[in-house]
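Data first, discussion second: the structure below is written as structure tokens.
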Amino acid sequence: MSTGLLDTPTNRKLAEYKAAEIEKDILYERFDESLAKYKPASSLSTVTPVTPIQKPKPQLNELWEKYSEFKKPQVSPSTFAKDFTKHRNHIAKLPTRSLDEASAIRDYLLANLTPDAAKRCLTQLKACCNWAMEEGLIEANPFAAMKIKTPKGATEEQDVNPFTKEERDLIIRTFAGDRYYSHYTHYVRFLFFTGCRPSEAIALKWKHITNSVVQFRESVVVSEDGLVLKEGLKTQRKRDFPINSELKAILDEIKPEETSPETLIFSSPKGKFIDHHNFSNRAWKAILAKCSIPYRKSYQTRHTFISLCVESHINSTAIGRWTGTSAKMIDNHYGATNFTNLRPPELS
């Protein structure tokens, strides 16, 4: 006897209840041998069991579009522009978008992306399908049990390979003397002498400079509409950086005689936000090559500042407050990073 129902957890419960009813009727000697009592109402009028019309399952790309719209107001513009667009592009290149072929999708990601990128994409597909289940769009998440293992690597914050003081000063001098990239000299000096993140420096306006501190309150991030200003910083809402005589001299040299509080301190040659990605790929690479210094990412300006503070025996909690990181991170990743500047003590 067919129930005429889809094979789902809920319908299996209904079938169990019907079986229990039949057992009970047998026990009390009231079993209906014609089975009419136990058949679904729709099956009493026909010999053929009724097969419900099954709705076609949504494709992965359809679910991703709906999930993206749901998440858009909840994530930063840069996250949506970079990550969600990137995963949409990965989905567009899949050999199949059918949820019934989830294993083929995972295998394609592993074959065509780095292990780290494949893992990130699979994680997002899981999240998308979990949301689709909650919304009643699908009955099960085919990616739920899938895992991709990746070798552990350092993040940008942990990849500490700082410059020496001599390398730092050579880079700044070379920027200042370059016919193409001298415009960025003050920007590079500021990064080296504050250890701030590029996104924080690019967002600075003259209203953020007081007599005693630099007030980091905003950051510039990548969005669907290009570079935009965002309230708050990467890991905190705000941060103040004390202005010493060295930094005061840099700011005094930069500041024009007449300026508005809303004027950017550092800008592109056209007066817009500096695109740090383009700066790194062009100006930074060119200047390091000109200096004959082995290439390191421009983020090493931050690591250089923190490492030099550590070498000067500055308290790690203070350094952490200046740069927006934790004392634990500094102790774990910056202690004695620049070995060329250190010598073991005389022990005799």
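The values are calculated or read from the model by the stated rules, or taken from the named source; none is laboratory data. Predicted, not measured: the structure shown is a model, and the values here were computed from it. Reconstructed Cβ throughout: ideal geometry from the backbone, glycine too, with neighbour counts over all protein chains shown.
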- Item | Unmet requirement for D275, which otherwise passes all of (1) surrounded by 15 or more Cβ atoms within 10 Å (Cβ to Cβ); (2) without any contact (Cβ under 8 Å) to a residue 60 or more places away in the chain; (3) under 17 Å from V214 (Cα atoms) | (3)
- Selection from the stretch 220-268 of residues under 20 Å from I319 (Cα atoms) and in a strand (DSSP E or B) yields R239, D240, F241, P242
- Item | Residues located in the stretch 283-304, provided they are touching a residue at least 24 places away in the same chain (Cβ under 8 Å) and in a helix (DSSP H, G or I) | A283, A286, I287, L288, K290, C291, Q300, T301, R302, H303, T304
- Note on the structure: Scanning the stretch 20-65 for residues that are at pLDDT below 80 and touching a helix residue (DSSP H, G or I) at 6+ places or on another chain (Cβ under 7 Å), the one nearest to C129 (Cα to Cα) turns out to be V50
- Query: When the stretch 102-128 is examined, which residues are found to be touching a Phe, Trp or Tyr at 6+ places or on another chain (Cβ under 6 Å) and touching a residue at least 24 places away in the same chain (Cβ under 8 Å)?
  - Reply: A102, L125, C128
- Exclusive hit being touching an Asp or Glu at 6+ places or on another chain (Cβ under 8 Å), over 28 Å from A81 (Cα atoms), assigned by TED's automatic domain parsing to the domain that holds I306 and among the basic types (K, R), set K248, K207, K255: K207
- Message: I'm checking my understanding of the structure. Among residues of the stretch 305-338 that are part of a loop (DSSP other than H, G, I, E, B) and aliphatic (A, V, I, L, M), which one is modelled with the lowest pLDDT?
- Response: A336
- Query: Would you pick out the residues in the stretch 104-126 that are closer than 13 Å to K147 by Cβ and among the polar types (S, T, N, Q)?
  - Reply: T123
- Out of curiosity, is Q300 under 25 Å from P162 (Cα atoms) and crowded, with 18+ Cβ neighbours inside 10 Å? yes
- Message: For the stretch 295-314, give me the residue count where each residue is in contact with a helix residue (DSSP H, G or I) (Cβ under 8 Å, 6 or more places away or on another chain) and not aliphatic (A, V, I, L, M).
- Response: 11
- Does A117 fit the bill of being assigned to a loop (DSSP other than H, G, I, E, B) and surrounded by fewer than 20 Cβ atoms within 10 Å (Cβ to Cβ)? no
- Message: Quick check on the stretch 204-219: of everything there that is part of a loop (DSSP other than H, G, I, E, B) and without any contact (Cβ under 8 Å) to a residue 60 or more places away in the chain, which residue is surrounded by the fewest Cβ atoms within 10 Å (Cβ to Cβ)?
- Response: N211
- Message: Anything in the stretch 305-319 that is surrounded by fewer than 18 Cβ atoms within 10 Å (Cβ to Cβ) and without any contact (Cβ under 8 Å) to a residue 24 or more places away in the chain? List them, or say none.
- Response: S312, H313, I314, N315, T317, A318
